[in-house]
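Here's the structure we're looking at; comments come further down.
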Amino acid sequence: VTVRDALNQALDEELERDERVFLLGEEVAQYDGAYKISRGLWKKYGDKRVIDTPISEMGFAGIAVGAAMAGLRPVCEFMTFNFSMQAIDQVINSAAKTCYMSAGSIAVPIVFRGPNGASAGVAAQHSQCFAAWYGHCPGLKVVSPWSSEDAKGLLKASIRDDNPVVMLESELLYGVPFEMSEQAQSKEFVVPIGKAKIEKQGTHVTLVAHSRPVGHCLEAAAVLSKEGVECEVINLRTIRPMDIETVEASVVKTNHLVTVEGGWPQFGVGAEICARIMEGPAFNYLDAPAVRVTGADVPMPYAKILEDNSIPQVKDIVFAVKKTLNI
């Protein structure tokens, strides 16, 4: 099942399950979604539940937040999260802070979703990763799926959650097929927000990633395994609240840590993981400094070869693991 179909399934099931759920965004209805995530939903549920909006992020995000405050459960799609900057006041000031500022009397059950991070050949204004931006803000939950199972389970959990959730998808994963268990195909399947998943057990080094780089980590682990290095690969799934306990338990076992992300290095997700490990009980188990593998500290270039060099590749992860293990 592709990630695209998994997301479509999740939206379909949740629209059917709860009539307060509706989807709005640019091109989501008649065009079936810019990335065909909402394929068939407008035909099935009509204008009231699947709504095409004008090209005004601040406008439709504001409408969605107001609808959530009034008791509906909107799913607000950004064509890419780069465009959520137009609406960041709505996401942070209107959605994230309201529950706290109203002493818990006003819930804002909304999901902001869309592709985040690098795609292919769309240059700096369409390739930024916002995991660290949104992960920085109290009041939001931030999820970042990798596999089809993650995508379906996390979207369903996000829609059912009474807090605002930012769901950061990857455009490059939409067409990628993953195995989905019988359990994951069921209508009641959800992935709990705030729980990481160990994708591969290992004993020598812990690799922590979210979204597309999880796949790179597994590829790097396969390469390293031929050289006798067993990597434990952790798929974070959730950026906030971060499941640091799973990472700590792994570091206690492997004594080495490498974080991998597509975003920029400064104040990034990897930086946060390293800081939390340093502050916590797992620090004393580290046999070497933690190493970060990140995107390059530049606005994303357009040229293919420069783009490839700005995004963490399998070889970069292999290099980082060898560095931390002193091979």
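The values are calculated or read from the model by the stated rules, or taken from the named source; none is laboratory data. All values reported here derive from a predicted model rather than from experimental measurement. Note that we place each Cβ from the backbone using ideal geometry, even for glycine, and neighbour counts take in every protein chain shown. Remember, those area values only see protein heavy atoms, side chains included, never the ligands or the DNA or RNA. Shrake-Rupley method; radii C 1.70, N 1.55, O 1.52, S 1.80 Å.
Structural remarks
- Tally, over segment 303-318, of residues that are open to solvent by less than 100 Å² (accessible area, probe 1.4 Å) and out of contact with any strand residue (DSSP E or B) (no Cβ under 6 Å at 6 or more places or on another chain): 9
- Residue count for segment 217-242 under the criterion of being more than 22 Å from the chain's Cα centre (by Cα) and open to solvent by 40 Å² or more (accessible area, probe 1.4 Å): the result is 7.
Here's the yes/no breakdown for (1) polar (S, T, N, Q); (2) modelled with pLDDT under 95; (3) farther than 28 Å from D297 by Cα:
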site	(1), (2), (3)
F112	no, no, no
A118	no, no, no
Q125	yes, no, no
A132	no, no, no
E149	no, no, yes
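- Test: residue in segment 243-251 that is open to solvent by 50 Å² or more (accessible area, probe 1.4 Å) and among the small types (G, A, S): yes
- Pairs where the first residue, in segment 279-300, is closer than 25 Å to I311 by Cα and free of Cβ contacts under 8 Å to residues at least 60 places away in the same chain and the second is part of a helix (DSSP H, G or I) and open to solvent by 90 Å² or more (accessible area, probe 1.4 Å), C-beta under 8 Å, 6+ apart: A290/M278; V291/K323; A296/N309
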